[in-house]
Structures are given as C-alpha cells and as structure tokens.
Amino acid sequence: MVFVLPSDKFTLGETITGQLIVRPKISFDATEIRLELVAQEYVPRDEGNTQGKETKVKLAGKTKLAPGQDQIYPFSVAIPANSPVSFKTGHSSVTWMLKGVLARFMRGDTRVDGEIEVYSARPA
C-alpha cells in the first residue's frame, strides 16, 4: 500500500485529498478499507500524558483483493482547525500520521503509515 498526496505539508482546517493504492501480493479478503488521520501528543515527563485524536474515513467495505489487481481508493479528510500543529522538542511532541488500514477478520490488519506535517499557516 502507498499514499499518493499532493504534498506532505498541510495547514489546520485544510482538507487532505489523495489516493490510497493497494497492490496485493497474495489473494485475501478485507472486511474494510479505511483511512485514519491521527494526531499524537507525547509528553514523556509525566505518566499519562500521551493523547491522541483520530479521524476515520471508510473507503470500502468487504473487498476481495488479488495479486496483479491494483485498487485505487481516493479520499479526502479535513484536519480539525482546533488541533495542535506538528512540533518536536526535547520535552514533548505532536506528530500527525495518515494510516491506511486493510481490516481482516480473525487476522492482523495490514497497515501503511505516512507522517505529515501540520502548520498553522502555509509554509513558504
């Protein structure tokens, strides 16, 4: 699986549009194909200071995947305007990830992750 995005830099309130491309190497069934936009805040100084926000977008329901048959799933997901921007310091961080998930019944999900940068204004 791979993401096709216009950029890896976005702003608060912006809608991310792109594609999730699935290139199966074996045949299998997925119960759901979804995109997750995840903001993870980490403050290692104190216990319990890891928080996350997720937005999930269902791209397809039950799907049969076969090798040699690439599947393209267009998506759009809005970055919440009231969220924190990306940053990393020695004491804390906020990271943003796009996750593509092929959910499988009674098996581990297949995933792809891609980090994106989220700013308060468009970088120059």
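Quick note: the coordinates plus some simple rules give every number you see, no bench work behind them. Small disclaimer: the values here were computed from a predicted structure and weren't measured. Please note: Cβ atoms are built from the backbone with ideal geometry, for glycine as well, and neighbour counts cover all protein chains shown.
Numbers at a glance
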| read-out | value |
| --- | --- |
| Likely footprinting exposure, LEU20, LEU37, fewest C-beta neighbours within 10 Å first | LEU37, LEU20 |
| Nonlocal amide H pairs with GLU14, under 5 Å, H built at 1.01 Å | ILE79 |
| Residue-count net charge about GLY114 - beta-carbon cut-off 13 Å; Lys, Arg +1, Asp, Glu -1 | -2 |
| Residues whose placed amide H lies under 5 Å from that of ARG104, excluding near-sequence neighbours | THR31, ASP109, THR110 |
| Under the Karplus curve 6.51 cos²θ - 1.76 cosθ + 1.60, θ = phi - 60°, whole-Hz ³J(HN,Hα) for the stretch 11-26, x wherever Gly or Pro sits | 10, 4, x, 6, 9, 8, 10, x, 9, 9, 9, 10, 10, x, 9, 9 |
| Förster-model FRET efficiency, 22 Å R0, PHE105 and GLN69, C-beta, rounded to 0.05 | 0.60 |
| Integer Hz, Karplus 6.51/-1.76/1.60 couplings in order for the stretch 110-117, x for Gly and Pro | 9, 9, 9, 10, x, 7, 10, 9 |
| For the stretch 34-43, 3J(HN,Hα) per residue [Karplus equation, 6.51 cos²θ - 1.76 cosθ + 1.60, θ = phi - 60°, Hz, x = Gly/Pro] | 9, 10, 10, 9, 10, 10, 10, 9, 10, 10 |
| Relative contact order of the stretch 2-115, defined on C-alpha pairs under 8 angstrom at six or more residues apart (%) | 34 percent |
